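The values are calculated or read from the model by the stated rules, or taken from the named source; none is laboratory data. Small disclaimer: the values here were computed from a predicted structure and weren't measured. Neighbour counts run over all protein chains shown; Cβ positions are idealised from the backbone, glycine included.
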Amino acid sequence: MWFLINQYSLVFSLLLVGPVSWIVISRVLDWRWGTLFLGCFLVGALLLFYTQSSEASLIDTRSEWDGALSSGTPMLVEVYSDY
């Protein structure tokens, strides 16, 4: 359970901050300003999620590994075991 909270902590925090900020802004100003802020907040969050996501490529053979190393682009290596 903790790995899910850690992996999606940004999503959980945005789901908490968004409605709370809408309530505070709509109480102080008008509900239209709160809705405008929430819309901008959601667009900003979607842009953040879109720029932070990437496609994972699996490397199965030695030649694919050598090609990835010689490409010169940064890569993240994740090693796991099924045992």
Just checking, which of Leu76, Leu38, Leu47 is without any contact (Cβ under 8 Å) to a residue 60 or more places away in the chain, loosely packed, with under 12 Cβ neighbours inside 10 Å and more than 15 Å from the chain's Cα centre (by Cα)?
Leu76
Specify the residue that is farthest from Trp22 (Cα to Cα); the eligible residues are those in segment 38-64 that are at pLDDT 85 or above and among the hydrophobic types (A, V, I, L, M, F, W, C).
Val43
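Hey, does segment 18-31 have a residue that's modelled with pLDDT under 80 and in a helix (DSSP H, G or I)? Before the answer, list the steps.
Taking segment 18-31 first, the residues modelled with pLDDT under 80 are none.
Looking through segment 18-31, none of the residues is modelled with pLDDT under 80 and in a helix (DSSP H, G or I).
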